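Taking it in order: structure first as structure tokens, then the write-up.
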Amino acid sequence: MNDRRILTAESVTEGHPDKLCDAIADGVLDACLAEDPGARVACEVLATAGKITVAGEITARVLPDIPAIAARTVRETGYEADYEIEALTHEQSPDIAEAVNGGRQTRAGDQGVVYGYACLETDELLPLPVVLAHRITRLLTNARKLGTIRGLGPDGKAQVSVEYLFGLPSRIVSVVASCQHDEGKDLEELRREVLERVITPALEELPPDRETEILINPGGRFVLGGFEADTGLTGRKLMADTYGGLIPHGGGALSGKDGTKVDRSGAYMARYIAKNIVAAGLAEKCTVSLAYAIGKAEPVVVDVDTHGTGEHPDAVLERAVRGVFDLTPEGMIRTLGLDRPIFTKFCNYGHFTHPDAPWERMDKGQALDGACRFRRTGVSSR
């Protein structure tokens, strides 16, 4: 093991153009599921100054008012600009529909590999840099909405670098925060307020030291934000959505997809499995990977890696996972309630930082431990 490492993660606020596109896409998905739990949705959003385009494949009993959803999402995020909104959708390909629905149970709508992870570094069972970066952006948004820092805009982002010694967080190396602000906001006043009311409380559990570099709006003026400043696109904040790039990522985006898309349902299930393994004391950290083939219900690969910290051999844990969890798309949708309109609520500040998300439950530890013990003694619970 390398005695010293520096790990970095970033987060963005809900007013960042890419995350705003994700929120619009998940708003469309939720509207479809509210009327039709069996809706098939693959929704993408591209937005720039004055223009929002929503495109994708939607098969649902009721097609929602997509321009109204987009306009409402932009307004509720804190922007007042008007946009021309274009919706370009068609039904799901009949070939894909047959691959998903043509058997006795729902099958994967595409191939893909997904990863889930959990560790003991934080209460959230996530790496510390990930938790701290999201905490800063949440506090920035709260400061704007509550008015505790006047003159903040919706757009913003944060980045935290943590030094690890012998695998444990040791100190904060650097913090970067950039936040949109009103034209008349004094930059030095902004920096002082963000330091006192956002960064300092966010880093209470591991406070900065004298050598920590803290940069607040290092680029200076940040008046123009959102789509007026940068083009937004769904699926472009994959690392912020998941584990900060600190574990592998299969490359599939999350937002705008119904549960038959294993990029989403599989990623949530992999996190659910990894978190339950760690929460139950079966490992100090755990990476779960699942791989799927289009038209097949069961995953083609299930892999569990406890990085040498497991109470049981990884091969035993893998067999226990297969026995305790239904890893088919239909099973994942049923277990995690992915046919309900819940997605907009969880699409910001990381998909795995929300304790009330169904994939964050810690309710399978006893079953997993029991299954491991059965398998180690050569007795199958199946």
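The values are calculated or read from the model by the stated rules, or taken from the named source; none is laboratory data. It should be emphasised that the depicted structure is a prediction, and the values quoted were computed from it without experimental measurement. Note: ideal-geometry Cβ built from the backbone for every residue, glycine included; neighbour counts use all protein chains shown.
Points worth noting:
- Counted residues, region 289-298 - those being crowded, with 21+ Cβ neighbours inside 10 Å and either over 28 Å from ALA97 (Cα atoms) or without any contact (Cβ under 8 Å) to a residue 60 or more places away in the chain (or both): 0
- Cβ-Cβ under 8 Å pairs, at least 6 apart or on other chains, region 261-282 side at positive phi, far side surrounded by fewer than 24 Cβ atoms within 10 Å (Cβ to Cβ): GLY281/GLU311; GLY281/GLY365
- Test: residue in region 125-139 that is touching an Asp or Glu at 6+ places or on another chain (Cβ under 6 Å), under 19 Å from GLU189 (Cβ atoms) and surrounded by fewer than 23 Cβ atoms within 10 Å (Cβ to Cβ): no
- Subset of region 184-207 (residues that are more than 18 Å from VAL131 (Cα to Cα), surrounded by 15 or more Cβ atoms within 10 Å (Cβ to Cβ) and either free of Cβ contacts under 8 Å to residues at least 40 places away in the same chain or not assigned by TED's automatic domain parsing to the domain that holds GLY151 (or both)): LYS185, ARG191
- Qualifying residue in region 281-303 (condition: modelled with pLDDT of 95 or more, more than 24 Å from ASP110 (Cβ to Cβ) and within 21 Å of the chain's Cα centre (by Cα)): yes
- In region 230-282, the residues that are of a type in the set (Val, Ile, Thr), part of a helix (DSSP H, G or I) and under 23 Å from HIS312 (Cα atoms): ILE273, ILE277, VAL278
- When we screen ALA143, ALA118 for residues that are touching a strand residue (DSSP E or B) at 6+ places or on another chain (Cβ under 9 Å), within 21 Å of PHE222 (Cα to Cα) and not hydroxyl-bearing (Ser, Thr, Tyr), the only hit is ALA143.
- Hits in region 59-99 (condition: among the small types (Gly, Ala, Ser) and part of a helix (DSSP H, G or I)): ALA68, ALA70, ALA71, ALA97, ALA99
- Of all residues in region 140-147, none are modelled with pLDDT of 95 or more, among the polar types (S, T, N, Q) and either in the same structural domain as ALA270 (by TED's automatic domain parsing) or not in a helix (DSSP H, G or I) (or both).
- Flag if ARG382 is more than 30 Å from LYS237 (Cβ to Cβ), at pLDDT below 95, of a type in the set (D, E, K, R) and assigned to a helix (DSSP H, G or I): no
- Filter result for ALA9 (buried (at least 24 other Cβ atoms within 10 Å of the Cβ), in contact (Cβ under 8 Å) with a residue 40 or more places away in the chain, more than 16 Å from THR77 (Cβ to Cβ) and in contact with a Gly (Cβ under 8 Å, 6 or more places away or on another chain)): yes
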